[in-house]
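Here is the structure we will look at, set down as structure tokens.
The values are calculated or read from the model by the stated rules, or taken from the named source; none is laboratory data. Being a predicted model, the structure only gives us computed values, none of them experimental. All Cβ positions, glycine included, derive from the backbone under ideal geometry; neighbour counts span all protein chains shown.
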Amino acid sequence: MSSRSQWNALAARADTGLRCIALDLLGYGKAPFPDSQAQQAFSLEHEVSAVLAALEHELAAGEPFHLVGHSYGGATALRLARRLADSGRILSLTLFEPVAFHLLPPDNPARVDIAKVIARIDAAATPRDATQAFIDYWNGAGAFAALPP
């Protein structure tokens, strides 16, 4: 898993004159995990609300911004941009490898592949088995087994 620190090197190299505000998504970096009751009903909309709450501390009311997201952060950025579509606040949207398989046609091989992974995770006997299915999908077979304890 990652954190907002993954953006540090890029932000340091960028000579754009723009302020970079990196946020930890829920359960990443220093952001808390939703409590166990909230996890049962957790959705991407909860994540977007948390991002907006964090941005309230960083931006002036109504201040526009460029939105960048990677992986799960890309899916969150898509949802946030959709929520704020009519506000004029999103100046641009840049996504790197957004987890948005649902946007692919149902017969697309990548969507079929991820549906199989989700089925394996849902059918896993233990959280460890589910984690292994997830890690091995994204990092290659045997990646989970190769991790240190």
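Look at (1) out of contact with any helix residue (DSSP H, G or I) (no Cβ under 6 Å at 6 or more places or on another chain); (2) in contact (Cβ under 8 Å) with a residue 24 or more places away in the chain and you find that residue 100 fails only one, number (1). Just one of the listed residues (89, 79) is farther than 15 Å from residue 22 by Cβ and touching a strand residue (DSSP E or B) at 6+ places or on another chain (Cβ under 9 Å), namely 89.
Taking segment 129-145 as the range and being over 21 Å from residue 115 (Cβ atoms) and surrounded by 10 or more Cβ atoms within 10 Å (Cβ to Cβ) as the test, only 142 passes. When each of 141, 81 is tested for being free of Cβ contacts under 8 Å to residues at least 24 places away in the same chain and farther than 19 Å from residue 49 by Cα, the lone residue that passes is 141. Checking each residue in segment 104-149 for being in contact with an Asp or Glu (Cβ under 6 Å, 6 or more places away or on another chain) and at positive phi picks out no residue at all.
Give the residue that is farthest from the chain's Cα centre (by Cα), with candidates limited to residues of segment 55-82 that are surrounded by fewer than 16 Cβ atoms within 10 Å (Cβ to Cβ) and assigned to a helix (DSSP H, G or I). Spell out the reasoning first.
As a first pass, look at segment 55-82 and keep what is surrounded by fewer than 16 Cβ atoms within 10 Å (Cβ to Cβ): 56-64, 66, 82.
Checking the rest, the ones that are also assigned to a helix (DSSP H, G or I) come to 56, 82.
Values: 56: 19, 82: 15 Å.
My answer is 56.
Can you find a residue in segment 88-97 that is of a type in the set (Gly, Ala, Ser), free of Cβ contacts under 8 Å to residues at least 60 places away in the same chain and closer than 30 Å to residue 60 by Cβ? Yes, the conditions are met somewhere in segment 88-97. Taking the criterion of being at pLDDT 80 or above, surrounded by 14 or more Cβ atoms within 10 Å (Cβ to Cβ) and under 16 Å from residue 94 (Cα atoms), the residues of segment 8-47 that qualify are 20, 21, 22, 23.
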